[in-house]
Amino acid sequence: MEEKQEPGLLTGALVGGLLTAPLIAIFYLADKLAGLPFIPFDIFDWVGRNTPGDIITAVIDVMVDTIISLNLGEISSTAKTIEQIMGLVMTLAVGIIVAALFFLLLNRSKMTMNAALSGVVLGIIGGVVLNLISENVNLTATADITLRRLWVMAAFTAWGAALGWIYTELLRTRTSTATDASTARAQQINRRQFLVQIGGATATLTVVGAGLSLLLDDDGGTTSSTVAASLGTGNLGPAVSGDGLEPAPGTRPEYTPLEDHYRIDISARPPVLDEESWRLYISGLVQEPVEMTLGQLVSDYTPMDQIVTLSCISNRIAGSLISTTRWTGVPLHTLLDDWNLLPEATHLRITSADGFDEYVALETIRQDERVMLCYAWDGQPLLNRHGFPLRIYIPDHYGMKQPKWITDIEAVESWGEGYWVRRGWSATALVNTTSVIDTVATDSLIQDGDRLLVPVGGIAYSGAKQIARVEVQVNDGEWTEAQLRTPLSETSWVIWRYDWPFSEGSHTFRVRCYDGASVLQEVREQGVRPDGATGIHSLRRNL
Ligand SMILES: Nc1nc2c(c(=O)[nH]1)N[C@H]1C(S)=C(S)[C@@H](COP(=O)(O)O)O[C@H]1N2
Ligand SMILES: [Mo]
């Protein structure tokens with residue numbers, strides 16, 4: 001029986017895993033301590049930027065389905081966590097695969113290669129590649145670029161060197177030809193002991209690195225003193241509608257608490273911009289490039305306040321990627337007056353700190369005074385995750401048309417495809433009118449003479465087209481008009497309610513609505529891609 005001499009593919013995979021786990025932990029610690037890049041998130045973001053849109057959509061679909069079916073909680077924050085975990089898993093997988101292939105290659109090369117040196121070379125190649133990836137996508141590292149490069153090079157070189165060294169050690173336990181069974185067994189034990197020692201050391205490093213990092217906790221959001229000062233001391237608080245219609249018990253809050261506002265963006269970690277050094281740069285077809293500070297935007301222009309419902313184009317019928325809060329900022333048309341655009345300009349191309357970009361037509365800005373550059377939400381400076389320091393609001397459009405973390409605005413002479421449009425999503429991304437049943441409140445029955453009524457309720461939304469009418473159908477009965485609560489604004493969703501005469505049995509509830517121009521919502525069922533979901537929401541209840 002031939003004794004296998006070299007550590008094989010599986011041993012390589014095992015060693016790769018053992019070495020990559022502490023590498024991740026150390027990157028995490030260095031990120032927390034010194035603002036050095038966290039490579040796993042960079043890998044995730046880079047893969048995301050370079051994957052075709054339909055594949056990304058399919059992956060997101062699976063993710064959303066999983067979150068819903070396993071009841072993992074609020075979709076957009078859970079999705080962000082899953083994305084981050086995917087970054088860690090990808091990195092670990094790459095480490096395992098590369099190490100396994102490395103062992104295979106060394107075995108094939110019949111020892112003409114020096115393993116230790118090869119490991120160092122492999123590490124250097126890894127360091128160069130990951131530096132390129134990181135520089136391409138990283139948004140959050142604050143350390144000096146030279147330091148970042150040196151750190152990534154050093155970390156990967158050490159990883160490669162350790163890999164080469166371990167291979168050599170494993171080989172050493174195997175080279176003395178095993179003549180009898182007991183020697184072979186002794187060597188097996190040696191090898192196993194060595195791997196157990198390596199495992200113990202790397203596990204310790206991983207736990208210590210990750211543990212220390214967790215002690216150094218994140219800053220939650222950003223507070224801008226400039227914005228805060230102009231807004232006054234506190235939260236402006238939710239707007240109160242004058243209408244007395246009581247929402248059916250179980251209807252979502254009309255004004256979304258800020259911490260519950262959905263959140264969608266393209267990076268494992270959003271960019272963190274510094275108010276002092278941030279500028280809004282206006283360039284392109286302008287007489288003279290313009291540079292503005294946040295302070296100028298906040299104090300040189302009269303602020304405007306709007307309660308806005310924002311929806312993601314990926315929001316499914318009755319999904320949770322839709323929320324309402326108060327947006328404060330400067331109407332964009334008043335800024336245009338000061339930017340001296342050349343007559344050829346027809347669009348603004350808006351670019352964000354995370355590489356996201358979108359176009360907005362000057363015509364839209366001039367026709368709709370509600371288009372604004374926005375620096376506060378819910379009476380507070382924008383939180384980091386919601387685009388600090390500046391984002392745009394464009395009524396009637398899905399979120400994908402409305403960049404956060406704006407840094408550059410370029411006046412251009414033609415329209416172009418923005419970030420998600422290039423990835424196969426709608427070029428216009430106009431909001432589809434939609435209505436949702438939030439509740440069939442069977443535990444809040446109302447006695448009405450000799451009848452029992454069940455409050456049924458939810459929301460209807462049409463962007464800024466307003467809602468003229470909501471109707472409810474139970475089983476195959478008549479469509480009956482629901483009552484509408486006066487909305488918080490013309491750009492927010494509307495809460496509706498219908499008190500349904502109770503009857504026992506299994507019932508299907510459906511809702512539909514008409515926009516302000518009395519146009520019925522699209523009832524044809526259509527998935528989110530590419531134009532946003534349409535169709536009727538229905539709920540089945542056994543009463
Ligand atoms: N810079 C930037 N802006 C962005 C995005 C992004 O990834 N990067 N995502 C867009 C999408 S798809 C949506 S739905 C909204 C979500 O805004 P919110 O996360 O503040 O709710 O931001 C939009 N603006
Ligand atoms: Mo979105």
Practice item. Please identify the pairs in which a residue from region 357-382 that is without any contact (Cβ under 8 Å) to a residue 40 or more places away in the chain and within 21 Å of Glu413 (Cα to Cα) has its Cβ atom under 6 Å from the Cβ atom of a residue that is more than 16 Å from ligand 2 (Cβ to nearest atom) and not in a loop (DSSP other than H, G, I, E, B), counting only partners at least 6 apart or on another chain. Key: Ile365/Leu332; Ile365/His333; Arg366/His333
Exercise for review: Tell me which residues, restricted to region 512-526, are in a loop (DSSP other than H, G, I, E, B), touching a residue at least 60 places away in the same chain (Cβ under 8 Å) and either within 19 Å of Glu478 (Cβ to Cβ) or out of contact with any Ser or Thr (no Cβ under 8 Å at 6 or more places or on another chain) (or both).
Suggested key: Gln521
**Study point:** Matching entry among Glu259, Glu275 (being over 20 Å from Thr433 (Cα atoms), outside any helix (DSSP H, G or I) and away from ligand 2 (no atom under 16 Å from the Cβ))
**Key:** Glu275
Check your understanding: Does Ile282 satisfy being crowded, with 22+ Cβ neighbours inside 10 Å, touching a residue at least 24 places away in the same chain (Cβ under 8 Å), within 28 Å of Arg49 (Cβ to Cβ) and in contact with a strand residue (DSSP E or B) (Cβ under 8 Å, 6 or more places away or on another chain)?
Key -> yes
Check your understanding: What residue, of Ser320, Ser352, is within 16 Å of ligand 2 (Cβ to nearest atom), under 30 Å from Ile68 (Cβ atoms), out of contact with any Cys (no Cβ under 8 Å at 6 or more places or on another chain) and at pLDDT below 95?
Key -> Ser320
**Study point:** Scope region 481-511; condition touching a Lys or Arg at 6+ places or on another chain (Cβ under 9 Å), closer than 13 Å to Ala460 by Cβ and either β-branched (Val, Ile, Thr) or part of a strand (DSSP E or B) (or both); matching residues
**Key:** Glu481, Gln483, Leu484, Val494, Ile495, Trp496, Arg497
Check your understanding: Within region 338-354, is there a residue that is touching a strand residue (DSSP E or B) at 6+ places or on another chain (Cβ under 9 Å), of a type in the set (A, V, I, L, M), within 13 Å of ligand 1 (Cβ to nearest atom) and on the phi < 0 side of the Ramachandran plot?
Key -> yes
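Residue-wise test of (1) surrounded by 14 or more Cβ atoms within 10 Å (Cβ to Cβ); (2) in a loop (DSSP other than H, G, I, E, B); (3) small (Gly, Ala, Ser); (4) within 14 Å of ligand 2 (Cβ to nearest atom).
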residue: Met400; (1), (2), (3), (4): yes, no, no, yes
residue: Lys404; (1), (2), (3), (4): yes, yes, no, yes
residue: Thr407; (1), (2), (3), (4): yes, no, no, no
residue: Trp420; (1), (2), (3), (4): yes, no, no, yes
residue: Trp425; (1), (2), (3), (4): yes, yes, no, yes
residue: Val436; (1), (2), (3), (4): yes, no, no, no
residue: Leu452; (1), (2), (3), (4): yes, no, no, no
Practice item. Consider only pairs whose beta carbons are under 6 Å apart and that are at least six residues apart or on different chains; among these, list those whose first residue lies in region 391-407 and is closer than 17 Å to Ile322 by Cβ and modelled with pLDDT under 95 and whose second residue is near ligand 1 (Cβ under 8 Å from one of its atoms) and among the aliphatic types (A, V, I, L, M). Key: none
Review point. Which one of these does Leu14 not meet: (1) part of a helix (DSSP H, G or I); (2) free of Cβ contacts under 8 Å to residues at least 12 places away in the same chain?
Key: (2)
Practice item. Hey, could you check region 240-258 for residues that are surrounded by fewer than 17 Cβ atoms within 10 Å (Cβ to Cβ) and modelled with pLDDT under 95 and say which is farthest from ligand 1 (Cβ to nearest atom)? Key: Gly244
Review point. So which of Gly12, Gly8, Gly16, Gly48 is small (Gly, Ala, Ser) and either at positive phi or within 16 Å of ligand 2 (Cβ to nearest atom) (or both)?
Key: Gly48
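The values are calculated or read from the model by the stated rules, or taken from the named source; none is laboratory data. Here the structure is a predicted model, which is why all the values come from computation and not from measurement. Positions of Cβ are backbone-derived with ideal geometry, glycine not excepted, and every protein chain shown enters the neighbour counts.
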